[in-house]
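Written out below as structure tokens is the structure these notes cover.
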Amino acid sequence: GFPAFLSSHKTLFIVLWISAFGSVFLWQRDIAGAGFSVFGKAGPGRSMSGSRPFEFNITDFGGVGDGVADDTAAFERAISAISKLGKRGGGQLNVPPGKWLTAPFNLTSHMTLFLAEDAEILGIQDEKRWPLMPPLPSYGYGREHRGPRYGSLIHGQNLEDVVITGHNGSINGQGQSWWTKYRQKLLNHTRGPLVQIMWSNDIVISNITLRDSPFWTFHPYDCKNVTVRNVTILAPVFGAPNTDGIDPDSCEDVVIENCYISVGDDAIAIKSGWDQFGIVYGRPSRNILIRNLIVRSMVSAGVSIGSEMSGGVSNVTVENVTVWSSRRAVRIKTAVGRGGYVRHITYRNLTFDDAQVGIVIKTDYNEHPDMDFDKNAFPILENISFTGIHGQGVRVPVRIHGSEEIPVRNVTFRDMNVGITYKKKHIFQCAFVQGRVIGTIFPAPCENLDIYDEEERPVKLSTAQNVTDIDYGV
């Protein structure tokens, strides 16, 4: 029958799916520069055509683009020129076809970086050329080492109205040497992201490819009104540690849509600071819409929240997302010491195709910057809904691992039918969770949840919310 055809021709199915999705990308391309956000505002001073009153070519500033010459100074001169045009609407820097080798550089406000088709910005691999920066205030330490951290290849702080776009040109972090040095413990500082924008407003990244980041790929930090649209993010699915795709961190009003992400860690991870540092910094991530994505993570998860979420995460919608050939599909992770909250999270119309675990909520993710965290800082997990969850080839569809200190409250499942590869009991696993199932779902839910009919009338109320049937051996 048809399901058998799908499983035996899964690769073909995925290719067809992606090519169909690609036609949507092309159709979207003409409107992608507009900078509209779903929250109903365009960035101040941003022209709706996406164009700027002034345009420059990187070659005007001495750029060579042969992949050998160092073009850092050309980027710096070009951006310096654009920085003087902010009051007149800013400027666009065009990067033509070629390989543009550069050390890290800083963007400026009211700027568009435009990458032509077959234009590739390459990150210089010598870490001595990468500046050291103080740790993020909400982390206290570098994520991998105490003390300073490496900056990003493309960086910006305290900016407004920045666009990185093009005709699907690429920014390549050449991360292989970083990954090797990290594994060999040859680095004394936390690796840098590919693109990091901090304390900024009205940021658009569209119609480009980001690949092989040394560390997290795109990291907006404490920003407002961030749009990522029609972006491809790639890194090897194994051997590319911590190459998360997009990590909105203490950000609000974020849209991530129409993207393809296949990386060596979480495709998307929403964060808001780490333990006591994040609690003190106190900037939540909120109002985040993630939709129309195809993602893959063989090591971690397609869409994660946490584990660093100490400033809080709320009002997140994840819809129309396909997670394929992944270790986990969607995951919320936290621990004692985080504090903060994860609440008002809506998952809608998700497809899992060949995932070991579908839905994960984990409360003992014990990575800490130091041992001074507050042992009584218990995060709050509540008001999380899953509607329209489908798929095939999933080993454990649901694993919600609350605890006595961190119970999971008000979880709702509705319209779920996931084809499973493991036929024994305990494939819908729960511990310390309170919530409900509306209508019939497959596989059968754990006994911790209340059962309601399609009209939301109670059928059977649970007496076993604290029962645990978590089985990590499955």
query = Just the accessible area per residue of the chain, please: how many Å² with a 1.4 Å probe?
reply = 38
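Using a 1.4 angstrom probe on heavy atoms only, work out the carbon and sulfur share of the accessible area of segment 265-473 in %.
47
Looking only at Cα atoms, what is the convex hull volume of the chain per residue, in Å³? Could the numbers behind the result be given before it?
Numbers: hull volume 68.4 nm³, N = 474.
Each residue corresponds to 144 Å³ of Cα convex hull volume.
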request  = Among Thr190, Trp130, Gln174, pick out the residue whose Cα is farthest towards the positive end of the charge dipole of segment 121-197, where Lys and Arg carry +1 and Asp and Glu carry -1 on C-beta, about the Cα centre.
outcome  = Thr190
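Can you give the longest run of the chain that contains no trypsin sites (Lys or Arg not before Pro) sitting in a DSSP loop with at most 16 other Cβ atoms inside 10 Å?
Working: sites that count: Lys41, Lys84, Arg146, Lys185, Lys375, Lys423, Lys424, Lys425.
No qualifying site falls inside 186-374, the longest such stretch.
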message = Using amide H atoms built in the peptide plane, which far-off residues or other-chain residues are under 5 Å from Asp450 H to H?
response = Gly435, Arg436, Val437, Ser462
Partners for Lys375 among lysines (Cα-Cα distance below 18 Å; same-chain residues under 8 apart left out) = Lys333, Lys362
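Would you compute, from DSSP H runs of 4+ residues alone, the mean residue ellipticity of the chain at 222 nm, taking -39500 (n - 2.57) per run and dividing by the full residue count, rounded to the nearest 500?
On the way: 5 runs with 54 residues, N = 474.
Roughly -3500 deg cm²/dmol at 222 nm, from the helical runs in the chain.
List every DSSP H helix in the chain whose Cα atoms extend 27 Å or more along the helix's own long axis and whose mean Kyte-Doolittle hydropathy is at least -0.5.
Details: long enough: 10-29 (28 Å, 1.13).
Both cut-offs are met by 10-29.
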key: Global size of segment 55-252 as Cα Rg and Dmax, reported in angstrom   = 15.7, 49
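The values are calculated or read from the model by the stated rules, or taken from the named source; none is laboratory data. Keep in mind that this is a model prediction, so the values were computed, not measured. Quick reminder, even Gly has a Cβ in these numbers, built from the backbone with ideal geometry, and neighbours come from all protein chains shown. We work out accessible area using only protein heavy atoms, side chains counted, and drop any ligands, DNA or RNA first. Shrake-Rupley method; radii C 1.70, N 1.55, O 1.52, S 1.80 Å.
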